[in-house]
1. Any residue at all in the stretch B:146-158 that is assigned to a helix (DSSP H, G or I) and either within 14 Å of chain A (Cβ to nearest Cβ) or more than 30 Å from residue A:169 (Cα to Cα) (or both)?
2. Could you list, in sequence order, all residues of the stretch B:373-402 that are among the hydroxyl-bearing types (Ser, Thr, Tyr), over 17 Å from residue B:306 (Cα atoms) and touching a strand residue (DSSP E or B) at 6+ places or on another chain (Cβ under 7 Å)?
3. Limited to the stretch B:166-186, what total is found for residues that are out of contact with any Cys (no Cβ under 6 Å at 6 or more places or on another chain) and closer than 22 Å to residue B:279 by Cβ?
4. So which residues in the stretch B:380-435 are under 30 Å from residue B:361 (Cα atoms), in contact (Cβ under 8 Å) with a residue 40 or more places away in the chain and not in a helix (DSSP H, G or I)?
5. Can you tell me how many residues within the stretch A:329-374 are more than 30 Å from residue A:283 (Cα to Cα) and among the aromatic types (Phe, Trp, Tyr)?
6. Just one of B:361, B:373 is under 20 Å from residue B:319 (Cα atoms), outside any helix (DSSP H, G or I) and in contact with a helix residue (DSSP H, G or I) (Cβ under 6 Å, 6 or more places away or on another chain); which is it?
7. Got a sec? Which of A:53, A:109, A:58 is more than 7 Å from chain B (Cβ to nearest Cβ) and touching a residue at least 24 places away in the same chain (Cβ under 8 Å)?
8. Assuming residue A:117 fulfils every condition listed in (1) at the interface with chain B (Cβ under 9 Å from one of its Cβ atoms); (2) of a type in the set (D, E, K, R); (3) under 25 Å from residue A:59 (Cβ atoms) apart from one, which condition is it?
There are 2 protein chains.
Amino acid sequence: MGKKLTTRAEDYSKWYNELVIKADLAENSGVRGCMVIKPYGFAIWEKMQAGLDKMFKDTGHQNAYFPLFIPKSYFSKEASHVEGFAKECAVVTHYRLKNAEDGKGIVVDEEAKLEEELIIRPTSETIIWDTYRRWIQSYRDLPLLLNQWANVVRWEMRTRLFLRTAEFLWQEGHTAHATEPEAIKEAEMIMNLYADFAENHMAVPVIKGTKTASERFAGAIETYCIEALMQDGKALQSGTSHFLGQNFAKAFDVKFATKEGKQEYVWATSWGVSTRLMGALIMTHSDDNGLVLPPKLAPIQVVIVPIYKGLDQLEAITEKVLPIVESLRSRGISVKYDNRDTHKPGFKFNEYELKGVPIRLAIGQRDLENGTLEIARRDTLEKSSIPMDEVIGTVETLLKDIQESIFNKAKAHQQANITTVDSYEEFKKVLEEKGGFLAAHWDGTVATEERIKNETKATIRCIPIDVKEEAGQCMVTGKASPYRVLFAKAY
Amino acid sequence: MGKKLTTRAEDYSKWYNELVIKADLAENSGVRGCMVIKPYGFAIWEKMQAGLDKMFKDTGHQNAYFPLFIPKSYFSKEASHVEGFAKECAVVTHYRLKNAEDGKGIVVDEEAKLEEELIIRPTSETIIWDTYRRWIQSYRDLPLLLNQWANVVRWEMRTRLFLRTAEFLWQEGHTAHATEPEAIKEAEMIMNLYADFAENHMAVPVIKGTKTASERFAGAIETYCIEALMQDGKALQSGTSHFLGQNFAKAFDVKFATKEGKQEYVWATSWGVSTRLMGALIMTHSDDNGLVLPPKLAPIQVVIVPIYKGLDQLEAITEKVLPIVESLRSRGISVKYDNRDTHKPGFKFNEYELKGVPIRLAIGQRDLENGTLEIARRDTLEKSSIPMDEVIGTVETLLKDIQESIFNKAKAHQQANITTVDSYEEFKKVLEEKGGFLAAHWDGTVATEERIKNETKATIRCIPIDVKEEAGQCMVTGKASPYRVLFAKAY
């Protein structure tokens with residue numbers, strides 16, 4: 001493993017790309033825009049999935065699975081949805097290959113052309129609402145609270161590992177409700193659930209808010225979001241939850257009989273987070289030495305490295321280490337004892353630093369004599385020597401401490417990078433020199449939003465949920481504005 | 001819910017299709033050949049996944065994720081693989097849609113044609129071995145023991161829910177080894193792991209064996225399999241594990257440096273089970289009243305139904321029930337207390353019978369007075385009254401008992417339906433009148449195998465692992481045969 005990473009100061013973007021590769025998280029495949037998620041990266045994603053899945057189930061949701069393919073005509077049914085999604089997608093047109101007539105390789109069999117093309121799902125509202133029509137007849141069938149874990153495809157021209165790939169993994173929730181307030185409550189609850197997960201599992205502080213009309217999901221009445229801030233001052237949309245009104249129910253004719261026997265259209269939400277969260281996780285905490293992982297998501301929470309000369313010393317160390325491993329595991333802590341004799345301790349130290357293992361324990365001959373061991377925390381790189389018989393308690397405390405510390409550090413960074421600006425000049429200056437979120441007045445029009453985006457590349461990330469009423473003037477047009485919205489350049 | 005199922009005796013195939021629908025397991029979608037797995041069906045599949053995933057990890061495997069798309073040219077690289085898989089597949093030819101010029105809907109944008117078509121993976125050997133070439137340099141990189149949970153697509157003309165669908169969910173393991181014996185050991189270990197899972201989680205007895213050359217996986221040197229027997233006497237291949245030799249390593253040029261510094265091709269295995277297992281599970285245990293589920297895979301292991309008149313009685317019952325629910329849950333038993341007031345007890349009884357909930361508890365006014373409750377087991381439909389303070393122990397014992405009983409019942413059925421036959425006449429007669437596995441002598445040639453298949457629809461399911469040497473004559477040609485192989489009609 002070539003050790004040195006490009007530093008963040010040198011080239012943040014290059015640092016990220018190198019880190020993803022060198023920490024064995026993912027790599028580009030031979031298929032344009034599609035990544036391979038490597039075992040170490042996938043183990044982190046599995047921990048995210050497990051955490052989220054439990055939260056979904058605890059709030060009454062069930063998992064199901066809907067088809068990968070969506071008939072082309074389904075997209076045309078919801079007018080704004082087709083504009084947003086039907087354009088950049090993978091289209092299946094044939095269902096057979098055959099040997100080429102010239103004997104060289106295989107070719108598409110033109111006789112096996114589909115009557116109607118199938119789209120690889122970019123999101124599943126259409127196929128799911130086509131199904132819900134059969135499942136929902138009465139108020140007794142509601143609410144319907146489903147989620148699926150799936151792969152989706154959006155044909156992106158410029159891709160980056162985890163942040164933007166043609167195929168990605170995600171979960172998509174699709175719920176159906178009898179009333180508008182209930183659906184809105186669901187969409188808001190999920191936004192809060194996502195924020196809870198981001199902050200308490202990923203240690204990534206987020207701002208909760210709603211999107212402006214032009215940034216809304218295609219087909220939504222309201223899009224709720226959580227926005228994280230990366231170390232380079234750019235925002236990263238980390239999860240969205242949509243109140244869809246009756247748009248999809250009307251497009252797919254999904255009605256239910258109320259208690260009173262009236263026929264009404266069903267109210268809907270949809271919501272999702274994806275492997276993009278991996279990008280947020282990596283960029284929020286990591287440093288020039290490599291990955292920094294929150295203990296709750298680290299596949300290996302503690303690594304133990306023996307420092308020895310000769311097999312006798314290794315055996316003596318191993319004898320001390322095994323009970324520690326067992327004791328930590330019995331407390332639900334994942335531990336790796338790396339006794340490989342093919343690599344030196346220094347190499348191992350670098351590897352686990354690069355891979356963001358939260359705690360490293362090292363034990364050498366002198367430790368054996370003194371009844372001590374060395375404990376090092378990945379986030380601050382601090383090391384200290386502790387009595388061996390205190391190791392379990394120390395590790396447990398330190399794992400909690402690291403989880404909190406990296407959140408607090410990221411939170412301080414976020415807070416220090418929300419700047420209130422009052423003029424367009426100041427806006428452009430701060431955006432250029434400091435970045436981060438800019439709290440500014442805006443006149444509420446798409447035209448002004450577009451102009452700002454074209455001139456500065458900043459977009460309105462959200463109208464924060466806890467926004468304060470504050471009469472002001474749009475920084476661009478001077479028109480009246482009731483509150484500040486948050487701008488940023490974004491991933 | 002329309003209650004009555006077609007009986008197995010009336011029409012086994014119709015019984016199966018109705019059961020899958022009525023028990024809310026899955027249904028056909030609007031996309032030809034693709035199913036929707038409903039929440040109840042998916043909950044069973046999740047339990048299967050969890051059980052298998054733990055077994056894979058306990059034997060040293062890690063999960064990863066590889067792309068959905070495979071460039072067409074990859075298929076051509078392994079000659080026998082392309083014959084087996086490249087024909088019936090979904091082909092992506094374009095990456096964009098556009099509004100139709102006549103304003104009616106959307107059409108494929110002919111300008112967005114891919115230079116090379118992409119195949120939706122029917123299995124991932126090719127894309128994975130293309131990746132392994134980059135990952136494997138030295139003996140230190142071996143063994144590589146990976147698995148992925150994924151959706152795959154094989155364009156089937158005749159589909160049936162779970163048993164044969166165009167898209168299905170599965171896991172596919174892909175391992176790389178330094179030596180031939182190690183790879184063979186892996187393939188055999190996985191066959192044993194699958195059999196262990198089938199028998200001890202699904203309660204489905206299986207026969208372990210190897211496939212004949214013509215039934216082998218396209219690209220394999222040896223295919224190991226587990227074969228289950230359904231109640232109608234047809235076999236169902238439930239899992240396969242392939243020793244691939246160096247075929248894929250050669251096709252994708254994957255070499256490693258041995259300890260001695262020589263360059264050698266890597267040895268491979270691949271193995272998979274799919275949502276087809278759901279079909280095996282359903283057909284092995286269920287009866288004319290509906291699903292019968294093994295407790296280990298039942299989403300709801302115990303359902304409690306109150307039988308009451310008026311809210312006072314319901315409250316009194318609920319007061320007794322809640323501690324039981326809590327106590328069972330604390331023992332890891334999944335319990336549903338169905339206190340819905342929209343449905344009568346009789347309706348609920350039918351519903352849980354149909355859905356195969358292993359144990360049903362019912363409590364009425366007289367039970368309250370007597371300190372008893374009624375316990376009913378789904379497999380035998382036996383009911384009895386037990387003292388309420390014995391319920392926890394009784395449920396625990398009964399869950400174990402049901403798990404064992406349904407396995408023993410299926411095992412007895414399997415054993416009773418392996419018939420040794422010595423002539424082709426007898427073979428045809430038994431196949432027609434009784435079905436099941438037929439142990440017969442075969443001359444080892446593809447020609448005879450083909451002839452038997454064409455004349456009787458029976459195929460060689462496997463050469464059992466524990467086959468006894470027994471010199472004999474092929475029942476068709478009279479040529480020498482060293483042991484009996486197992487024939488059956490199969491799903």
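The values are calculated or read from the model by the stated rules, or taken from the named source; none is laboratory data. For clarity, every value in this text was computed on a predicted model and none was experimentally measured. Backbone-built Cβ (ideal geometry, glycine too); neighbour counts: all protein chains shown.
1. no
2. B:394
3. Total satisfying the criteria: 6.
4. If the condition is that a residue be under 30 Å from residue B:361 (Cα atoms), in contact (Cβ under 8 Å) with a residue 40 or more places away in the chain and not in a helix (DSSP H, G or I), then B:381 is the only one that fits.
5. 0
6. None of the others qualify; the one that does is B:373.
7. Being more than 7 Å from chain B (Cβ to nearest Cβ) and touching a residue at least 24 places away in the same chain (Cβ under 8 Å) holds for just one of A:53, A:109, A:58, which is A:53.
8. (3)
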